[in-house]
Amino acid sequence: MDTESLAPVVGSILDAADTRGGDRPRLSVSPRSFPAAVATATADGRVPVIAEIKPTSPTTDGTRRDDPVELAEQMVAGGATALSVLTEPTHFGGSPDALERVREAVEVPVLRKDFILHERQLDTVAADMVLLIARFLDDLDEMVTAARQRGFQVLVETHTASEVEAAVEAGADIVGVNNRDLTQLEVDLETFERVAPTVPDDVVLVAESGIETRAAVERMRAAGADALLVGSAIMDGDVSANTRRLTTERDNS
């Protein structure tokens, strides 16, 4: 893994992640189907949104200290198709306990959002889906296999066409394209528009980062996004109303 070109804070996140995870028992999970949830939301006329519970991040100001279960329930009430819960503690204020509590409280699929670098870290907490970031995994094939052996669905995050190719070769059937460049932490929605055509039609395609407005939602959907992963735009303010604003298929205002 080449880390020289990464923004310093990303390097710090990876250094911290490299040491986390221990001798926990191997997990075996029975996941709620994310593709089925996406199909149901689409049939119901909702934009499939993975709403993210993110107390803080290196790219936002302040920390939101609401009970994660209350946030989760508000997101689901606003029409979220699935939830993403940060479990990275140092830079994002997340925890495995928060994910566990959220998953017990809701019926929608729950994604574990973290910087997972080693197989042992898959056993930290049960979730319906885990995030694996292609850029940071030289053994992506092995990690996808290890996650699936535990029952997890896998969202493989990419940023370039070559990373999409690696994800597909690893057997990924859910692929995210992150509009945020982790070298400088800059967001460009053209990233998704450029990379999305390289994703096979039979793969569930998720647009990530920078989706803050109805216009951005419609832009990502027009470019081929089956679902959207949204954090800050939902967490900043009224969580239920923000979720509803982005999940409503048509803007009636």
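The values are calculated or read from the model by the stated rules, or taken from the named source; none is laboratory data. In this text, all values refer to a predicted model and were calculated from it rather than measured experimentally. Every residue, glycine as well, gets a Cβ built from its backbone with ideal geometry; the counts of neighbours run over all protein chains shown.
Candidates in the range 125-147 are the residues that are farther than 21 Å from Val195 by Cα and more than 17 Å from the chain's Cα centre (by Cα); of these, the one that is surrounded by the fewest Cβ atoms within 10 Å (Cβ to Cβ) is Glu142.
Would you call Thr63 of a type outside the set (A, V, I, L, M, F, W, C) and over 20 Å from Phe136 (Cα atoms)?
Details: of a type outside the set (A, V, I, L, M, F, W, C): yes; over 20 Å from Phe136 (Cα atoms): yes.
Criteria met by Thr63.
Close Cβ contacts (under 7 Å, 6 or more residues apart or on different chains) running from residues in the range 27-47 that are closer than 15 Å to Val154 by Cα to residues that are among the small types (Gly, Ala, Ser) and surrounded by fewer than 16 Cβ atoms within 10 Å (Cβ to Cβ) comprise Ser28/Gly151; Val29/Gly151; Ser30/Gly151; Pro31/Gly151.
Does Thr160 qualify as being of a type in the set (Val, Ile, Thr) and touching a Lys or Arg at 6+ places or on another chain (Cβ under 6 Å)?
Details: of a type in the set (Val, Ile, Thr): yes; touching a Lys or Arg at 6+ places or on another chain (Cβ under 6 Å): no.
No; evaluated as a whole, the condition is false for this residue.
Exactly one residue out of Pro89, Pro68 is within 19 Å of Gly21 (Cα to Cα) and free of Cβ contacts under 8 Å to residues at least 40 places away in the same chain, and it is Pro89.
Enumerate the helices (runs of 4 or more DSSP H) found wholly within the range 1-108, keeping only those where 1 or more residues are at pLDDT below 95, surrounded by fewer than 16 Cβ atoms within 10 Å (Cβ to Cβ) and out of contact with any His (no Cβ under 6 Å at 6 or more places or on another chain).
In the range 1-108, the matching helices (runs of 4 or more DSSP H) lie at 8-18.
Condition first: in a helix (DSSP H, G or I), in contact with a helix residue (DSSP H, G or I) (Cβ under 6 Å, 6 or more places away or on another chain) and over 19 Å from Val177 (Cβ atoms). Now tell me which residues in the range 113-167 satisfy that. Full working, then the answer.
Residues of the range 113-167 in a helix (DSSP H, G or I): 119-123, 134-136, 140-149, 161-167.
Next, only the ones that are in contact with a helix residue (DSSP H, G or I) (Cβ under 6 Å, 6 or more places away or on another chain) stay: 119, 122, 134, 140, 146-147, 161, 163-164, 166-167.
Correct list: Glu119, Leu122, Ala146, Ala147.
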